[in-house]
Each structure stands twice: as structure tokens, then as C-alpha cells.
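Student: Provided herewith is a single structure, encoded as C-alpha cells, for subsequent inquiry.
Read-outs: derived from the displayed coordinates by stated rules, not from any lab. None of the values given here were measured: they were computed from a predicted structure. In this analysis, Cβ positions are derived from the backbone assuming ideal geometry, glycine residues included, and neighbour counts consider all displayed protein chains.
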Amino acid sequence: MAVVTHALGRHVALVGFMGAGKTTLAGKLGDALARPVVNVDEEIEARLETTIPELFAARGEAAFRAVEAGMLGELLERRHPLVVDTGGGAAAFPDNRALFEQEAFTLLVDVDVETAWTRCRTTDRPLAQDESAFRALYARREDAYRSVAAATVGSDDLDGAVLAAAGIHYELGALDRLGELVPGDGPVALVADSTVMGIHGPRAQEALGDRLASTHELPAGEAAKQLAVVERLWGELRL
Ligand code: S3P
């Protein structure tokens, strides 16, 4: 299944390694998108009236993973879109990843292993008690995070997170990669106002290659914000 490319009407799931700053970004993103933020670990702690370190110690990691998977399922099933702040291991398991792919726009909060270890080494996180095990876990999980995420941001990149959630992709050179960046492999209609089309249209057309089904130029500026313009576009689009 392809990853969901925007969060319009969907949950945003933040994934990433321990110490990435998921919780910090989740709070800000919840404010920016006017959505409730739910922290999966906190939900588990409240439900079981225990702490994550106690749960690991008393019942082991496997028991924690079962509870975590159940909680993820419960939260992502909710209809009202949330920002779901997951624990660092959530995206490491295929069943959870399938759930993310089905129910959420998944955003990777990226961190390098040095920073992660500096942030976590003095905490009581059960999987951050031994440096070499921590580093090995980081290396093992990297691919899993990237495979499930539609976009990647740093924890201080609120703007990047908001744009990504809206399905907006920006990076240097993105225009030349339009053909691969537009989701799926079906036909694409290129729509732009006359100014943008004049500057970037040919490059965008070339980048879309065989996928380009049609090109539609709108008047520049305020003139485009008319029902008649929308009606014409609607009539022209053949997708
Ligand atoms: C874990 C990360 C923790 C917490 C638990 C396991 C992991 O969450 O869920 O200690 O396996 O990486 P944070 O990523 O919020 O630290």
C-alpha cells in the first residue's frame, strides 16, 4: 500500500527514534492544525496506571508492544483527526506500519544518533540504558521509519510539518522530480497561473513526461479567484 501523502481529514502520526523531539513537535503541530494531540505512551500509562519503565520491568518488552499495538489501533480508529505522538518503537513493527499506512499521514521526526543518545542517556527509558544497544537499535530501525513516512522533518521544523501535512512538498530541485513526487502513477493535470506557468511551466511539463495529461493556465492574481474560472477549469479537467 502506498503511503498517504497529506493529512487533510486524517490523523497525523509522528514516528521517529527516542529523543527525536516527537512530543515537542506534536504539541506545536496540534496547536497549528487545531487538533487534539495524543501521546501513546501517556495513554498507556494512564490506562494501566503504571509507567513505561515499570511496565517493561514487570511484564517485559513483548507485553508493552502488545499494549502499544492495541492502543495505536484504538487511537487511529477514531474519526476525529488527531496528532498521534507515538513511541520510538511503534513504527518498527510491520503490523503497526500497516496501520499507519491505512489510517494516518505519517511524519518522520528525524534525529541523528549522537543527538538522540545525548538526550536519552540520563533518562529512565528502558531501551536507553546501554549506549551500544541504543546505537544498534537506531541502525536497525532507520529503514522502517523511512519506509512508512510520507515526509521527514526535524523537531524544530514546524513549518515543514504543517506544509507536509497539507500535502505540500518543497525542496531544492523538486520541480525536476515532479513525475515521481506526484503520488501514484496515473495521469496528471498541470494547473498554474500565467505568471508561474511562464516561468516554470515548461520545466514542470518536461518533468511530468508521459504522465502529463493536460495543461491549464489560469489568469494571474485576483482575476483567477472567480467562479467562472473554476467552472472553466472543472469543464476542462479530464482525470
Ligand atoms: C521506545 C520509545 C519510548 C517508549 C518506550 C519504547 C522505543 O518512547 O515508547 O520506552 O522502543 O523506542 P519515546 O520515543 O517517546 O522515547
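Student: Assuming R0 = 22 Å, what is the FRET efficiency of Phe93 and Ala57, from their Cβ-Cβ distance, to the nearest 0.05?
Tutor: Working: r = 21 Å, r/R0 = 0.96.
Plugging the Cβ-Cβ distance into 1/(1 + (r/R0)^6) gives 0.55.
Student: With bins 5 Å wide starting at 0, give me the P(r) of the chain over every alpha carbon pair, in whole percents.
Tutor: 1, 6, 12, 15, 16, 14, 11, 8, 6, 4, 4, 3, 1, 0
Student: Test of understanding: what is the full-extension gain from Thr23 to Ala189, defined as 0.36 nm times their sequence separation minus their Cα-Cα distance?
Tutor: 56.0 nm
Student: Something else: Between Arg121 and Ala46, 0.36 nm times their residue separation minus their Cα-Cα distance comes to what?
Tutor: Taking Arg121 through Ala46 to full extension adds about 24.5 nm, to one decimal.
Student: Give the relative contact order (percent, whole number) for region 40-146; include only Cα pairs under 8 Å separated by 6+ residues.
Tutor: 26 percent
Student: Now for a different question. Please work out the Cα center distance from region 104-183 to region 1-61, rounded to the nearest Å.
Tutor: 14 Å
Student: Mind checking which helices in the chain clear 27 Å along their axis (Cα) and have mean Kyte-Doolittle hydropathy of -1.0 or more, DSSP H runs only?
Tutor: Once both thresholds are applied, what remains is 52-77.
Student: Let me ask you something else. Set the Förster radius R0 to 25 Å, insert the Cβ-Cβ distance between Glu222 and Tyr170 as r into 1/(1 + (r/R0)^6), and round the FRET efficiency to 0.05.
Tutor: Computed FRET efficiency for Glu222 and Tyr170 comes out at 0.55.
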